[in-house]
Amino acid sequence: MWGNFWLLIMIIFPIICAFFSFFMGKKNKKHIDFIMILSVALEFSLTIFLCTNFLLNGSSDFYFYIFGGMGIHLRIDNFRALYSMIAGFMWLMAGLFSREYFLNDEKRDRYYFFNLLTLGATMGVFLSADLYTTFLFFEVLSFTSYVWVAQNEKKEALKAASTYLTVAVFGGLLLLMGLFILYEAVGTLEMDKLISLCKDYSDRRKIYGAGVCIFLGFGAKAGVFPLHIWLPQAHPAAPAPASALLSGILTKTGIFGILAITHYIFLHDPIWGIGVLAVGDITAVLGAVLAICSMDLKRTLACSSMSQIGFILIGIGLQGILGKENALAVLGTIFHMVNHSFIKLVLFLAAGVIYHNIHKLDLNEIRGFGKGKPLLHGIFLMGMLGMGGIPFWNGYISKTLLHESIIEAMNLTRSATSFIKWSEVLFLVCGGLTIAYCLKLYVCIFLEKNVDEKIQTTFLKISENYMGKLSQGVLIVSGALLPIIGILPFFAKNSSFLKEIYPSISFFSFNNLKGAFLSIFIGILVYFLCIRLLLMRKNIEGKKRYINGWPTPLSLEHKIYEPLLFGFLPLVGGTVSRFCDRFLDNLIVFLRKTVYRDKKVDNELLEGSYLTYKMGSMMDFIANWRQKGEKRTGRRSYVHRLAVIRDELIENNQIIRRSLSFGLFMVCLGLTLTLVYLLF
């Protein structure tokens, strides 16, 4: 039982450290960096300890009931051990990098506070063993990570944070609705129990309805189309260490939820698999196209994250289509999650080095920054090669597994063969688009010169002291992982969802290399025919500059989401609220004039009550006795003064009661609508 209790310690420890570092930072800001680094280092050590304990003793659970049989249910197993350790490692690397990145930031104590809170909530998601626990920690990290995006408090950052929080809240409501429907149908949210209960449940429409709501709820955090709009805004606004964690880990909390419902609710369900595969195709292609059209470094990497999440969804969809033969799909999905986490850690931290020096992200302004900086050049190249799926780098291994899964699905599934063939085409094309935007970033930053010679000269002058020793060590360690995993894919076996025997795959066979080289060829064509010809324009001096290639009329954010979320929905909600408020007021007035109207009573007092009248009369008598023989002033009667005080108290009490009544009325209305929805 004590070993199980360590699961809760993994969540509570960073939360305690968050408050400790915050209060210590108020006294002396010099200590806060040390406390933060020590906290994430100890948390990473704790994940290693638990993973070792799991390997020796097997999986274990921890229960902490809150009310009504519901509570915190945690578990450590293969997948959870793997991703808790990856989260701990990434938080450690980002924390070490933050030491120099936030060196002169007076608000870093606030960032560290919410950074550690988010770490605890993230661990809670990855260690959760039921969807109730997952939902609790999932919502906590949505609110704590909001501060990351709004850290610099600029107008753009606050707007991006508002969009991020809006999507998170909207997704949370959908997730909660899905959990309501699922719990009403099968009576539990325990993941292990859901497999048999959902499989045997007769009304499949209700299960699919719950699944779609839960998918959208988790998909909002993962950046799945059409809830991806926060990604291109949040990453340019957030600090680089936060962007690395947002892209590398927080999106994976959403993927964890989608994986969970796919495995526990829709196990081997081809209908669900086709739906997820279709969403994955759209997300992957759209993200890659947005990345090609972008001219902001971190925005490009954000859109790239969306595209890579699409690849992961393709693997999840194939798990349902392949049924019991889904070993390759499961392996490719988990492995690409791991690879994407490490790749985005490297690339966003490298982008942070650039921003920390020149405080710009526009490709035209950072163009040529990487010249004369071999370490940054090499680290960034590792990330580009990994993300592009080049052989002998980690991205190639996971993309090969996913491609093999598509081929296997075409051979085993006859009913959806044409659809899967189109998915293979989109998969290879999307791989080519990935190569194209990787080339765009690499050539722009490290091979081209800035159009302004003075700026290029300034870039060359900071070639020696552009990055501290600690940041160098972080980037070297993180970047070295990418080719090591690409050559030795030992992480691939670590999946609790993988029940089948590990498949024997020749990663560097001719057929697998052929797919990679086809994507490389497509990427080179797109780069020279699209990016160099269509997405670059000559300025007045005749020098080419990058342009934003995405048409404004196609912006989902400005054309659909902003009018809907900030225009239509507030208008409808405000109208309904005003109607309910006025309806309640008018109802009270109507009752006062009819059922509860005042009636004349014999000897009725003009004001106040019998008590105020008697007390006022006594006070008037005492006052008159004390002023006996003196000239009377214009003092008002105590009877009237006490009556006024009474009326004011009654009025204030009525206002409070009416406000409370309105609040209870709105709660009752919301519960009624929820019950009606669940029933019908």
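When the Cα gyration tensor is reduced to axis lengths a ≥ b ≥ c, the ratio a/c is 1.5 or higher for the range 281-379, and with a/b above b/c it is classed as prolate. Each residue was assigned an accessible area with a 1.4 Å probe, and for LEU96 the value is about 40 Å². Rg and Dmax over the alpha-carbon atoms of the range 87-138 stand at 13.5, 42 Å. Computed over the range 183-262, relative contact order equals 31 percent, with contacts defined as Cα pairs under 8 Å that lie 6+ residues apart.
For the peptides 263-274, 307-318, residues were scored by their other Cβ atoms within 10 Å and the scores averaged per peptide; the highest-first order is 307-318, 263-274. Inverting the pair-averaged 1/r between distinct Cα atoms of the range 237-316 gives 13.3 Å as its Kirkwood hydrodynamic radius. Within the range 372-488, the proportion of Cα pairs with more than 20 Å between them is 58 percent.
Solvent-accessible surface of protein heavy atoms, probed at 1.4 angstrom with all chains present, puts MET10, MET618 in the order MET618, MET10, largest first. For the peptides 478-484, 223-229, the ranking by mean Cβ contacts within 10 Å, running from highest to lowest, is 223-229, 478-484. With the Cα gyration tensor of the range 449-488 giving a ≥ b ≥ c as the square roots of its eigenvalues, does the rule (a/c under 1.5 for rounded; else a/b larger than b/c for prolate; else oblate) give rounded, prolate or oblate? Verdict is oblate for the range 449-488. Cα-based values for the range 157-254, radius of gyration first and Dmax second, are 15.9, 49 Å. Each residue was assigned an accessible area with a 1.4 Å probe, and for ARG367 the value is about 20 Å². Of the options MET191, GLY254, SER243, report the single residue whose Cα projects farthest towards the positive end of the charge dipole of the range 186-310 (beta-carbon charges: Lys, Arg +1; Asp, Glu -1). Positive-most Cα among the choices belongs to SER243.
Per the Debye formula on identical point scatterers at the alpha carbon atoms of the range 291-332, with no solvent, log10 I(q)/I(0) at q = 0.28, 0.35 Å⁻¹ is -0.83, -1.06.
For the set LYS360/LYS543; LYS107/LYS373; LYS155/LYS298; LYS159/LYS373, the pairs lying more than 28 angstrom apart at their alpha carbons are LYS107/LYS373; LYS159/LYS373.
Taking a ≥ b ≥ c as the square roots of the Cα gyration tensor eigenvalues, the range 158-197 comes out prolate, since a/c reaches at least 1.5 and a/b is larger than b/c.
The values are calculated or read from the model by the stated rules, or taken from the named source; none is laboratory data. All values derive from a computational prediction rather than experimental measurement. With ideal geometry, Cβ positions are generated from the backbone for all residues, glycine too; neighbour counts draw on all protein chains shown. The protein model used for the area step is the full one, side chains on, heavy atoms only, and it has no ligands, DNA or RNA in it. Shrake-Rupley method; radii C 1.70, N 1.55, O 1.52, S 1.80 Å.
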